[in-house]
Ligand code: NAI
């Protein structure tokens, strides 16, 4: 099996080479992202392996299909970058539904603690032998209310971590499933939360879940955490909310327009994105570049599951991690399926 691996980074390769070798899968690593323009690199390959910022739109899918590519193996959980409806009947789509929810949930708490205890400021200060405490006043998380939007695998782990800190937890989910949590409406969550953390997928319904009208409903001084998908937040509305002092701080591991910037080194360059540049200039905004997943355990899990998905698929078996558009039950119809949908 030969798989073209797009948007490859040095940290991806060792685990994919290891698990690939064990199961007879040969990966060819390309640094470039997969788009309609670069899809030609998949010529001669049976499958492609892609990540969050590869663009699997209709033109890219058509090109892959014409080249005889049979499978798209996502090495991530989210699939908002794939036109699943267009894939149906042409190319099968596999994903990694879970690897380490702890990686993302722990990174979310790391961002929150960094923000409320001003660790990002203190780190730079002490490196410069400045030991003054002026401007570093934080606040206790204990007793504060956190609103968690999306209580799936990552949201649940984050809730447990917050409870460990003695925080009160409110939650909103379209399909509530967590025990021991007070589910409330979105508006109530907006009004009561001191901290809001986003852990739902990006869909048409959740796009710009935090927009200008949501910002109006927030508690003054709220901290917004987003380690899910950038477009859950309207970045311009976020910026306005911070400028008006409505939002006290924002910690972002994802950003709406991240695909043009994240995972690359722009030091020494002029950033074109004015909203991102303005956000980064704020003392109360912390940005990490989609690194929440980046732990040894998560990377090993991603590679293992991706390789297992491909092995299952090429054996002709039904892969439980296949996303299928046919009946609209994209993630779960496999449970009832007796044979492949196409
Ligand atoms: P999950 O599928 O276990 O949980 C998602 C939850 O969101 C579910 O409980 C679901 O019912 C809920 N949900 C669906 N539609 C909703 C809506 N309209 N409103 C409110 N809630 C809704 O997914 P998991 O593993 O917890 O991941 C969550 C998200 O985290 C992923 O969609 C992905 O975008 C993001 N992620 C980010 C990573 C990073 O490195 N920053 C790494 C992995 C995932």
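Quick rundown of the values:
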| item | result |
| --- | --- |
| Computed label-point distance, nm, for sites residue 11 and residue 329 using a 7 Å Cα→Cβ extension | 3.7 nm |
| Nearest-0.05 FRET efficiency for residue 18 and residue 128, computed from C-beta distance (R0 35 Å) | 0.25 |
| Shape category assigned to the range 176-317 from the gyration tensor of Cα positions, a/c cut at 1.5 | oblate |
| Anisotropy class of the range 143-236 from Cα gyration tensor, a/c 1.5 cut | oblate |
| Shape of the chain, Cα gyration tensor, a/c cut at 1.5 | prolate |
| Acute angle (nearest 10 degrees) that the helix 13-22 long axis makes with the longest principal axis of the chain, alpha-carbon atoms | 40 degrees |
| Alpha carbon centroid spacing (whole Å) that separates the range 3-30 from the range 161-222 | 37 Å |
| Ranking of 259, 134, 213, 267 by count of other Cβ atoms within 10 Å, fewest first | 267, 134, 213, 259 |
| Computed over the range 101-287: relative contact order in percent, which uses C-alpha pairs under 8 Å that are six or more apart | 18 percent |
| Extension gain (nm, one decimal) between residue 65 and residue 275, 0.36 nm per residue minus Cα-Cα | 71.9 nm |
| Value at 222 nm in deg cm²/dmol, rounded to 500, when DSSP H runs of n ≥ 4 in the chain each add -39,500 (n - 2.57) | -9500 deg cm²/dmol |
| Segment residue 121-residue 297, extension gain: residue separation times 0.36 nm, minus the distance between their alpha carbons | 60.4 nm |
| Burial ordering of 269, 199, fewest other beta-carbon atoms within 10 Å first | 269, 199 |
| Nearest-ten-degree value, helix 296-315 long axis tilted from longest Cα axis of the chain | 30 degrees |
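Read-outs: derived from the displayed coordinates by stated rules, not from any lab. Predicted, not measured: the structure shown is a model, and the values here were computed from it. FYI the Cβ positions are ideal-geometry reconstructions off the backbone, even for glycines, and counts take in every protein chain you see.
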